[in-house]
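Q: I have a structure here, written as structure tokens, and I will follow up with some questions on it.
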Amino acid sequence: MLRLYLRSLFAPPVSEPPPEPDPRALDELARALAQRARHRLGRSLAIRQVDAGSCNGCELEIHALDSAVYALERHGIRFVASPKHADVLLVTGPVTRNMAFALQRAFDCTPPPRWVVAAGDCACGCGVFAPSYALAGEDGAVERVIPVDLHIRGCPPTPLDLLRGLLALLEAADGRIAPAAGVPPRTG
Amino acid sequence: MDPLLSRLAGLSPEPDHRPWPRYRVDVGLWLRLREDLAAGRLDLLAEFAEPEEVHAVLFRPSPPGLAVASLPCPDGRFPALAALHLPAVRFERAIRDLVGLEPEGLPDRRPWLDHGRWPLTRPLASAPGPAADAADYPFLPVEGEGLHQIPVGPIHAGIIEPGHFRFTAAGETVVRLEERLGWVHKGIEARLRGTGIDDAARIVARVSGDSTVAWSWAFARAVEAACGVEPPPRAEWLRALLLELERLANHIGDIGAICNDAAFRLIHAHCGILRERVRRATAELTGHRFAMDRVVPGGVRIDPDAAALARLRRLADELGPAFEEIVAAYDDTPSLLDRTAGTGRLDPALARRFAAGGHVGRASGRAFDSRAQLAPSPYDALGFSPALREAGDVDARVWVRIDEVRESLRLIAAILDGLPGGPVRVEVPRRAGCGLGIAESFRGEVLVWLRLDAEGRVVRCHPRDPSWLQWPLLEAAIEGNIVADFPLCNKSFNCSYSGHDL
């Protein structure tokens, strides 16, 4: 066991260099963020993850983000336990009808300024489970229940996809990008 | 004594059901099978229904035997197996909710998956009913001096799936846990009806995304059985390779997460690094970090070259020593063992009664692993030996995972050393038939029952996650433990919400 302790203390970090923020996500966010909101956050984002119906695939990749390899916290991004402490709701779906009210309540508990990220194809309304009687609005897109500021596609999105999207959110919140006009939202 | 065969011996099996027989039974025989279940002579692996018929998948532990018993229900009712065999309670509550058949004598008639929020009722019935009002869900009454209740969920504090837990505690001690599930019900079974095999494969692959290879393999086996084709040997070996990589990633992740729930972050951090290496190796081999949609009916969609296999072989060699350091850290830390040893003990008798699969059953002495008993190809050629522990506590479930990681590493090396050549996929003909497919996910055996029409479209597909039979046991295992140990117990079970809620 001593070896593991010593290695943990003295080995160089395993965390890898972060990716560039996703430019498409930056475009989408530039429209979503008001100037006023940007200065509130500084370089810190608190995320409350909500599984609103996922197959658990997206959750595994979100967990990977928290590992030493991706080391999300070095960017000032951390997961919090309560929506009341959160700036961002990171929602995976498809949003089921059974979970829609809980998602709405989590959103209502999140103090503004707040952002909603729909993570994964299902949350973006184009997953394999749609259409179904059991999904909010039949397709389970997060927009059917609460407004969405950023879409991260993938089945599941890789940790790098997620990190690119979240870094874009951080940059946008930091006021480092100007609002762009006329970029259609990236959905479907 | 051979109750399964002796009960069903006089009958001739339905001609279109493979590889295990399906018998159409009358009410008298159904009731006698129910007695066999209640007496522990048979295990109930699954129970589900079509609009006209209820099916029970029955397993005889020794010698291993499996059969499906189907009871026609012309007047929409059937005698509840749960009247004598409690593991059937949730299956039959779900049958009421989804198909609308009435299990007579069901001891718990509250809805289960239907929370009253759908635009219809009985979605799998021939004629679904109108929407119902969302009624308050009556939790079981609890009486006693000084008891208090703690409701948790459906949204939990961590990054996990949603479910509701209602704890009743006396001081710090849990006297009852009642689960309420169904939150992530996506309507998978209704969605599957009428889909072609390719679309159905993609949906079943996501019943529980963490065990996607196992689900894809079970579905592929069901299709191959129904259509009467055999996958090529190279495909079977590659499937086993992907399944063992999936088991490695999940078990290593779980070991770390269990230690994390006992506030020991170092092991969690190292397990996170190892798991990421497995995910990346999987991505390198298959182009997807979970190998989603790579196992398909007829074979696999990958055919790695010698260089890719050699890289994976080197990784398998490196992972072993790194993992043993983690095991040593676990085993040498008394403050950690103090949290896991003796905590959340599951009585072996209950594990047997509920036919609990995976680490839940194998940590409580139930020597069942479908890789050994029901779906041995290609494991019989690899000299597979299942893990088994008796203590039934969190520590035993950690050790089953440790044993299985070691065995998976050995299996991966053996597969890579002996991988046969040849094609990786055969054509699957379109034809009508019924098939049952089983594969051993990291969580336990996943089971897919499938009925195809002559165009190769799904008439009915029922994916049964092992969690159906494990969730009720968590309620038993937590009794008498302190509330603060629940995350530890829950993580050591690691049941699927999505796979259960469907």
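Q: How high is the relative contact order of the stretch B:6-116, in percent, with contacts defined as C-alpha pairs under 8 Å that are six or more residues apart? Don't skip to the answer; put the middle values down first.
A: On the way: 190 pairs, mean separation 24.4, N = 111.
Relative CO of the stretch B:6-116 lands at 22 percent.
Q: I would also like to ask the following. Sort B:Arg110, B:Arg22 by Cβ crowding within 10 Å, fewest neighbours at the top. Write out the running numbers ahead of the final one.
A: Details: B:Arg110 14, B:Arg22 21.
By the 10 Å Cβ count, ascending: B:Arg110, B:Arg22.
Q: Using only DSSP helix segments of four residues or longer, with each worth -39500 (n - 2.57), what per-residue ellipticity at 222 nm results for chain B after dividing by its residue count and rounding to 500? Write out the running numbers ahead of the final one.
A: Working: 18 runs with 208 residues, N = 502.
So the helix-based figure for chain B works out to -12500 deg cm²/dmol.
Q: Starting from the Cα gyration tensor of the stretch B:6-116, take the square roots of the eigenvalues, sort them a ≥ b ≥ c, and report rounded, prolate or oblate (rounded when a/c is under 1.5, otherwise prolate if a/b is larger than b/c, else oblate).
A: Working: a/c = 1.83, a/b = 1.46, b/c = 1.26.
Prolate, because a/c is 1.5 or more and a/b exceeds b/c.
Q: What residue among A:Ile47, B:Asn250, A:Met1 has its Cα farthest toward the positive end of the dipole of the protein assembly as shown, where the charges are +1 on Lys, Arg and -1 on Asp, Glu, each on the Cβ?
A: So the residue we want is A:Ile47.
Q: Once a ≥ b ≥ c are taken as the square roots of the eigenvalues of the Cα gyration tensor of the protein assembly as shown, is the result rounded (a/c under 1.5), prolate (a/b larger than b/c) or oblate (a/b not larger than b/c)?
A: Details: a/c = 1.39, a/b = 1.27, b/c = 1.09.
It comes out rounded by the Cα gyration axes.
Q: Okay, next question. Taking the dipole about the Cα centre of the protein assembly as shown, with the C-beta of Lys and Arg at +1 and of Asp and Glu at -1, give me whichever of B:Val204, B:His288, B:Val278 is farthest to the positive side.
A: Farthest towards the positive end: B:His288.
Q: Would you please classify the overall shape of chain B from the alpha carbon gyration tensor, given that a ≥ b ≥ c denote the square roots of the eigenvalues, rounded means a/c under 1.5, and beyond that prolate means a/b larger than b/c while oblate covers the rest? Don't skip to the end; give the middle numbers.
A: Values: a/c = 1.60, a/b = 1.06, b/c = 1.51.
Oblate, since a/c reaches 1.5 and b/c is not below a/b.
Q: Using the number of other C-beta atoms within 10 angstrom as an exposure proxy, rank B:Glu35, B:Glu47 with the fewest first. Can you show the working numbers first?
A: Values: B:Glu35 14, B:Glu47 26.
Arranged by neighbour count, lowest to highest, B:Glu35, B:Glu47 become B:Glu35, B:Glu47.
Q: Now a separate question. Determine, for A:Lys84, B:Lys491, B:Lys186, the number of other Cβ atoms within 10 Å of each Cβ, and report the residues in order from fewest to most.
A: Numbers: A:Lys84 12, B:Lys491 22, B:Lys186 32.
Ranked by crowding around the Cβ, least crowded first: A:Lys84, B:Lys491, B:Lys186.
Q: Moving on to the next point. Ignore the peptide's own chain and count Cβ atoms of other chains within 10 Å of each Cβ in B:321-327; give me the average, rounded.
A: Working: counts 0, 2, 0, 1, 6, 2, 1.
Taking the mean over all residues of the peptide, I get 2.
Q: Charges at C-beta only: +1 for Lys and Arg, -1 for Asp and Glu. How large is the resulting dipole of chain B about its Cα centre, in Debye rounded to 20? Write down the numbers at each step before the final one.
A: Values: 60 positive and 69 negative charges, 187 e Å.
So the dipole magnitude of chain B works out to roughly 900 debye.
Q: Identify, among B:Pro74, B:Leu37, B:Pro103, the residue whose Cα sits farthest towards the positive end of the charge dipole of the stretch B:6-116, taking +1 on the Cβ of Lys and Arg and -1 on the Cβ of Asp and Glu, with the dipole about the Cα centre.
A: Farthest towards the positive end: B:Leu37.
Q: Please report, in debye to the nearest 20, how large the charge dipole of the stretch B:6-116 is about its Cα centre when each Lys and Arg carries +1 at its beta carbon and each Asp and Glu carries -1 there.
A: Numbers: 14 positive and 17 negative charges, 78 e Å.
Roughly 380 debye, rounded to the nearest 20.
Q: So what's the gap between the Cα centers of the stretch B:190-218 and the stretch B:419-485, to the nearest angstrom?
A: The two parts, judged by their Cα centres, are 10 Å apart.
Q: Report, in debye and to the nearest 20, how large the dipole of the protein assembly as shown comes out about its Cα centre when Lys and Arg carry +1 and Asp and Glu carry -1 on their Cβ.
A: 880 debye
Q: What is the sum of charges, Lys and Arg at +1 and Asp and Glu at -1, for the other residues whose Cβ falls under 14 Å from the Cβ of B:Ala349?
A: Working: positive: B:Arg345, B:Arg352, B:Arg353, B:Arg366; negative: B:Asp43, B:Asp347, B:Glu390.
Value of the local net charge: +1.
Bear in mind that the values in this text are calculations on the coordinates, not laboratory data. Only a predicted model underlies this, so the values are computations on that prediction, with no experimental measurement involved. Note that we place each Cβ from the backbone using ideal geometry, even for glycine, and neighbour counts take in every protein chain shown.
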